[in-house]
Amino acid sequence: MSSAMESLYQQLILDHARTPSHRGITHDDGVEVHHVNPTCGDEVTLRLLITGDDGDARVGRLEWDGQGCSISQASISMMADLLDGQDVATALDLGDRFRAMMDDRGREPDGDELGDAVALHGVAQYPARIKCALLGWMAFKDALGRSGVSTGSAEDEGEDAP
Ligand code: ZN
């Protein structure tokens, strides 16, 4: 990759860390979760309101507060931009794409579904930082489960075979 692209991605991360989207919890609807990444000291409190139900469920409101390294805070901000107003199925798909990117040793993903979060693909080369980038997404998935939404993984739901 060209160094111009690398510095563009660096700038995006810094911009989100300095001016985070959807930061600040202003309501008490829905559910709230708190997640910590102890290896780095990153924290996030995420409040999620799901609207609609079943096939029509959407991310109605997503707000958060947090502290920690630039990667963790930028990742939460990028995630909030992507997920606010999104239907739940798409939100889960984006979470899977982000996790796949973190498993891909720093390769840039195809397609632009992940928006600004693509800037974090380089983090996958630094195993110690992957948890920083995933913190917000883990919190979101937890909040979805607590909202009564099926998050598609058997261990979360404790269900028997179909
Ligand atoms: Zn961190």
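The values are calculated or read from the model by the stated rules, or taken from the named source; none is laboratory data. Not measured: the values here are computed from a predicted model. Cβ sites come from the backbone with ideal geometry, for glycine too, and all protein chains shown count toward neighbours.
Of all residues being within 16 Å of the ligand (Cβ to nearest atom) and of a type in the set (D, E, K, R) in region 42-64, which is farthest from ASP142 (Cα to Cα)? Just the residue, please.
ASP42
Return the residue satisfying two criteria in turn: it lies in region 26-41 and is within 14 Å of TRP64 (Cβ to Cβ) and among the β-branched types (Val, Ile, Thr), and of such residues it is nearest to the ligand (Cβ to nearest atom).
VAL36
(1) outside any helix (DSSP H, G or I); (2) within 15 Å of the ligand (Cβ to nearest atom): which one isn't true of GLU113, the others all being true?
Of the numbered conditions (1) outside any helix (DSSP H, G or I); (2) within 15 Å of the ligand (Cβ to nearest atom), the odd one out for GLU113 is (2).
If you go through region 45-53 one residue at a time, do you hit one that is over 17 Å from HIS22 (Cα atoms) and hydrophobic (A, V, I, L, M, F, W, C)?
Quick first cut of region 45-53, residues over 17 Å from HIS22 (Cα atoms) only: 51-53.
Imposing the further condition that a residue be hydrophobic (A, V, I, L, M, F, W, C) reduces the set to none.
No, region 45-53 contains no residue that is over 17 Å from HIS22 (Cα atoms) and hydrophobic (A, V, I, L, M, F, W, C).
Among all residue pairs at least 6 apart or on different chains, which show Cβ distances below 6 Å where the first residue, located in region 37-62, is over 28 Å from ALA128 (Cβ atoms) and the second is of a type in the set (Ser, Thr, Tyr) and more than 16 Å from the ligand (Cβ to nearest atom)?
Close Cβ pairs satisfying both conditions: ILE50/SER147; ARG58/THR51; GLY60/THR51.
Which of the residues that make up region 49-82 are among the aliphatic types (A, V, I, L, M), within 22 Å of ALA117 (Cα to Cα) and touching a Ser or Thr at 6+ places or on another chain (Cβ under 6 Å)?
Scanning region 49-82 gives a single hit, ALA80.
Of these, ALA57, ALA133, ALA100, which one is modelled with pLDDT of 95 or more and touching a helix residue (DSSP H, G or I) at 6+ places or on another chain (Cβ under 6 Å)?
Checking each option against the conditions leaves just ALA133.
Which residue, of GLY106, GLY122, is under 14 Å from ALA74 (Cβ atoms) and over 13 Å from the mean Cα position of the chain (by Cα)?
Answer to the selection: GLY122.
Within region 66-77, how many residues turn out to be under 14 Å from GLY24 (Cβ atoms) and either free of Cβ contacts under 8 Å to residues at least 12 places away in the same chain or surrounded by 17 or more Cβ atoms within 10 Å (Cβ to Cβ) (or both)?
Summing the residues that are under 14 Å from GLY24 (Cβ atoms) and either free of Cβ contacts under 8 Å to residues at least 12 places away in the same chain or surrounded by 17 or more Cβ atoms within 10 Å (Cβ to Cβ) (or both) in region 66-77 gives 4.
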